[in-house]
Amino acid sequence: RRVLDVVKEDVYEAIDNREGSFCAELLSFKHPHVANPRLQLASPEDKCQQVLEPPYDEMVAAHLRCTYAVANHDFVEAYKFQTLVAFQSHKEENWALPVMFAVTLDLRIFANNAEQQLQKKGKGQPSEMLEKAAEQLMSCFRVCASDNRAGIEDSKKWGMMFLSNQLFKIYFKINKLHLCKPLIRAIDSSNLKNDYSPAQKVTYKYYVGRKAMFDSDFKLAEEFLSYAFDHCHRSSQKNKRMILIYLLPVKMLLGHMPTHQLLRKYDLMQFSDVTKAVSEGNLLLLNEALSKHETFFIRCGIFLILEKLKIITYRNLFKKVYLLLRTHQLPLEAFLVALRMMKVEDVDIDEVQCILANLIYMGHIKGYISHQHQKLVVSKQNPFPPLSSVS
Amino acid sequence: MNRRRSRRISHSQRRGAPSEGQWRQRDKEQWQGEGKAQVRQADEEEQKPRQHEEDTVPKGTCQTMCPAQELRDREAQNRLHHFEMLPGTEKDRRPKGDPSRAVKEYSRPAAGKDSTKPSDLRPPPVLLKTVNYLINDIAAAPSLYPWTEVYTFVFDRLRAVKQDMIIQRMSGLDCVGILERTVRFLIYASYRLCGEPLRLYDPRINDIHLQEYLSWLLDCYMTKTGPHPNQEEFQSLSLLYNLGSARTMQHTMQLPLRLRSTPNIKLALFINQAFLERNPVRLLRLAQKLNFLQTCALHRHLMTCRQDLLLVYSHGYSSRNCRFPLDRLAKLLFLDASLTAQLCRSCGVEVNKDNQVVFSKAAFTEPGQGTLHCKLYHSIASEKQRDLTVKNIVQSCVETNKK
């Protein structure tokens, strides 16, 4: 009984004194208080009502019931109660933003855990809980975005980037990336966008960069992911590695291969064979490398993008043919021979023509195919423009 | 917890606090307050067998394809479809309904309308029976009526089946059989009715519903552990229908390897890869290996692929002296020479009097809306249909691919 009173009074004072961060700790699952069995109560409503005013009585009671549920490993229940806490968390002034951050973070985490639990029992539709969490976070976001009070220091708009980042995590997990668009638009049009904390900005740019990758906007993706990588704190090796996983394929598509040292430093040797294959124009090695690390690439969601490297690989191979033959009128047979040497058996002369036509269309080759002469006629000047200048 | 102030604020100093002896009595309802809706949602979606919940999930008891009440009502209001009339009474002022052929129709949910009466809802076995009837006896049967009408009737009645499934919170294996047949029917329809006037058939509406059913079906495969004997077929149909969709591909890549390596899914993946690599020559070749229904699923993308080939070749072969044999092009496009010439004309690609195509990057133009009639170019599919009946197509289990 006493422990509960102490906590409640601390919460009461924190609220009264508008101590956002402290209050956040008292409602966060990162804080050790949640492990205290004397707080894990099934029905704490009365006790909360005795000390606290609404909405805090409900919030704290729900929070305590949540700790009870978590202690029993029932994440579906935990999610339910966390929903109630989160629902009330955006009603306060902006001093309570840290509270909202802590609560929504836990909400997302519980949604994840609850989903896993439901899936194990074979119940519920996939992504159901995460979608609901997203709806709630979205309503918090709208409250923040529409906060139009005069003083910028007091505005809840400061919560927008944090919530966006939480929502991005969910949308990427449930594979509904198109839902990121309204968030990006809202942040982009906000005058605060450059003033959020460095950590929030890095996370934001990371997700927006990944979205751009998905939309095949590689120049934009490079810009955002590079920012994230450069500004990510030196000590967060894990985060830097995560950013690199997405930055590398984009850079490779733009013609920049990573060095061996970089790959070794961040423990990303899965990319080393891919890199080698692409620069050498070695399709066989590329296919082998992609299939060898398939699980890793699929899990990270970059397998499909890496497949796009095939076009770059063709370009590199065909450039070698050009450099070898030293003529501007290249017989189509030569390309076919080159492919056969790379053990690519299932491509015939018709497909070679199609691949070449596509490379010309994309601007990777300057020239034209002459069907009558069965030759690729390339420009005398710079027939294979550097990759970074194309696309 | 070390930031405790020594000064304690007594309760009575709080603004508006009730005096010591009068604690507000709040019952549970009030406590939950605005958050109630959220909690109820979470409760409803959960399928934990709790006593009060079992009472709230409606369970159908209607053993006929059409609830008796509805049949009486529609008969009285003269709202029977001619497929549902007792033979011989069609010309009467008020035709009689045939209980063995009447099917519950779709009706929009409305305020005040109770759609959960058990006598109006059909349980899973009846729903499956209904779907089989609709396919075998209506869609697949010879009819005096145009197939657009057959489609409209079956589409509507299938929608009512879906409604019953949703109201009864059906899930998993009960749904799979129904959804599989529905998806096959809609995919077949998307091909057969392609080109019909908008007032008789709207491809967009077909697409919206098809995507919903397909999505639900794939979710069922995910949540209920198998065996799902037809999963290979439907994952591949999904890939083909949604050609080029990164989302569908990513979903497929995350399926277990064993499933992903089945022939139908592999082929569908290769076709998607050929699309993403912009290699229409390869794509059209691979498409030859698809069976009839798979071709139906893919067919709406084929026009785009063929146009793309002309676009890419317009650039790749662009030169004043270009002479590309029309016959060769026709072979690549899997069309006959005259259709190829027609397609070229629609895209601004010049074919000279010697049947040579003169590609030029400046000349290619996107054909205007409605100038290309997909139906004219259906040969890839129609050739495969040959001996297949509608019943074969929609009721089949796994069809083998042509090698």
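Some observations on this one:
- Output for the range A:39-68, where each listed residue is surrounded by 19 or more Cβ atoms within 10 Å (Cβ to Cβ), more than 11 Å from chain B (Cβ to nearest Cβ), over 13 Å from A:VAL7 (Cα atoms) and among the hydrophobic types (A, V, I, L, M, F, W, C): A:CYS66
- Residue list for the range B:45-68, restricted to those being touching an Asp or Glu at 6+ places or on another chain (Cβ under 7 Å) and at pLDDT 90 or above: B:GLY60, B:CYS62, B:PRO67
- Residue match in the range B:250-259 (condition: in contact (Cβ under 8 Å) with a residue 24 or more places away in the chain, more than 23 Å from B:ARG192 (Cβ to Cβ) and under 20 Å from the mean Cα position of the chain (by Cα)): yes
- Failed condition for B:LEU388, given (1) within 14 Å of another protein chain (Cβ to nearest Cβ); (2) farther than 21 Å from B:ARG282 by Cα: (1)
- Put simply, of A:ASP106, A:ASP147, A:ASP154 the only residue that is touching a residue at least 40 places away in the same chain (Cβ under 8 Å), surrounded by 20 or more Cβ atoms within 10 Å (Cβ to Cβ), acidic (Asp, Glu) and within 23 Å of A:PRO54 (Cβ to Cβ) is A:ASP106.
- If you go through the range B:371-386 and keep only what is surrounded by fewer than 12 Cβ atoms within 10 Å (Cβ to Cβ) and over 22 Å from B:TYR151 (Cβ atoms), you end up with just B:THR371.
- Scan of the range B:303-336 for residues that are within 11 Å of chain A (Cβ to nearest Cβ) and in contact with a helix residue (DSSP H, G or I) (Cβ under 6 Å, 6 or more places away or on another chain), ordered by number: B:ASP308, B:LEU309, B:VAL312, B:TYR313, B:HIS315, B:GLY316, B:LEU329, B:LEU332
- Reported count of residues in the range B:244-264, each being farther than 17 Å from A:PHE303 by Cα and either of a type in the set (S, T, N, Q) or more than 14 Å from chain A (Cβ to nearest Cβ) (or both), is 3.
- From the list B:SER215, B:SER236, the lone residue that is hydroxyl-bearing (Ser, Thr, Tyr), within 26 Å of A:PHE214 (Cα to Cα) and not assigned by TED's automatic domain parsing to the domain that holds B:TYR151 is B:SER236.
- Exactly one residue among B:THR130, B:THR116 is of a type in the set (Ser, Thr, Tyr), out of contact with any Ser or Thr (no Cβ under 7 Å at 6 or more places or on another chain), buried (at least 22 other Cβ atoms within 10 Å of the Cβ) and touching a residue at least 40 places away in the same chain (Cβ under 8 Å), and that residue is B:THR130.
- Of all residues in the range A:289-305, those satisfying the criterion of being in contact (Cβ under 8 Å) with a residue 40 or more places away in the chain and either over 21 Å from A:SER236 (Cβ atoms) or β-branched (Val, Ile, Thr) (or both) are A:ILE302, A:ILE305.
- Residues in the range A:316-359 that are within 14 Å of chain B (Cβ to nearest Cβ), of a type outside the set (A, V, I, L, M) and surrounded by fewer than 21 Cβ atoms within 10 Å (Cβ to Cβ): A:HIS328, A:GLN329, A:GLU345, A:ASP346, A:ASP348, A:ASP350, A:GLU351.
- Single unsatisfied condition, B:LEU339 versus (1) outside any helix (DSSP H, G or I); (2) modelled with pLDDT of 90 or more; (3) farther than 25 Å from B:GLN273 by Cα: (1)
- Taken together, the residues in the range B:289-325 that are closer than 21 Å to A:LYS375 by Cβ and not in a loop (DSSP other than H, G, I, E, B) amount to 8.
- Hey, A:ALA42 farther than 22 Å from A:LEU130 by Cα, touching a helix residue (DSSP H, G or I) at 6+ places or on another chain (Cβ under 6 Å) and part of a helix (DSSP H, G or I) or not: no
- From the list B:ARG204, B:ARG199, the one residue that fits, being over 15 Å from B:GLU233 (Cα atoms), outside any helix (DSSP H, G or I) and of a type in the set (Lys, Arg), is B:ARG199.
- The set of residues in the range A:269-288 being polar (S, T, N, Q) and in contact (Cβ under 8 Å) with a residue 24 or more places away in the chain consists of A:GLN270, A:SER279, A:ASN282.
- Counting only residues that are out of contact with any Cys (no Cβ under 9 Å at 6 or more places or on another chain), within 13 Å of chain B (Cβ to nearest Cβ) and surrounded by 13 or more Cβ atoms within 10 Å (Cβ to Cβ), the range A:28-38 holds 3 of them.
- Filtering the range B:152-168 for residues that are in contact (Cβ under 8 Å) with a residue 12 or more places away in the chain, more than 14 Å from the chain's Cα centre (by Cα), over 26 Å from B:PRO109 (Cβ atoms) and part of a helix (DSSP H, G or I) leaves an empty set.
- If you filter the range B:176-206 down to residues that are basic (Lys, Arg) and under 14 Å from the mean Cα position of the chain (by Cα), you find that the one that is surrounded by the fewest Cβ atoms within 10 Å (Cβ to Cβ) is B:ARG204.
- Any chance A:SER127 is at positive phi and either within 21 Å of the chain's Cα centre (by Cα) or within 13 Å of chain B (Cβ to nearest Cβ) (or both): yes
- For B:GLY226: the one exception among (1) away from chain A (no Cβ under 14 Å); (2) outside any helix (DSSP H, G or I); (3) of a type in the set (Gly, Ala, Ser): (1)
- Matching residues, the range A:182-220, being farther than 20 Å from A:PHE141 by Cβ and in a loop (DSSP other than H, G, I, E, B): A:ASP215, A:SER216, A:ASP217
- Selection count where residues are over 15 Å from B:GLN163 (Cβ atoms) and buried (at least 19 other Cβ atoms within 10 Å of the Cβ), scope the range B:96-113: 2
- Count of the range A:1-27 residues, restricted to those that are over 39 Å from the mean Cα position of the chain (by Cα) and at the interface with chain B (Cβ under 9 Å from one of its Cβ atoms), is 2.
- Residue match in the range A:182-196 (condition: in contact (Cβ under 8 Å) with a residue 40 or more places away in the chain, of a type in the set (Lys, Arg) and surrounded by 14 or more Cβ atoms within 10 Å (Cβ to Cβ)): no
- Top-ranked residue in the range A:360-391 [being among the polar types (S, T, N, Q) and assigned to a loop (DSSP other than H, G, I, E, B); ranked as nearest to the other protein chains (Cβ to nearest Cβ)]: A:GLN372
- Some residue of the range A:87-100 being within 11 Å of another protein chain (Cβ to nearest Cβ) and among the charged types (D, E, K, R): yes
The values are calculated or read from the model by the stated rules, or taken from the named source; none is laboratory data. Given the structure is predicted, the values throughout are model-derived calculations rather than measurements. Heads up, the Cβs are rebuilt from the backbone with ideal geometry, glycines too, and the neighbour counts pull from every protein chain shown.
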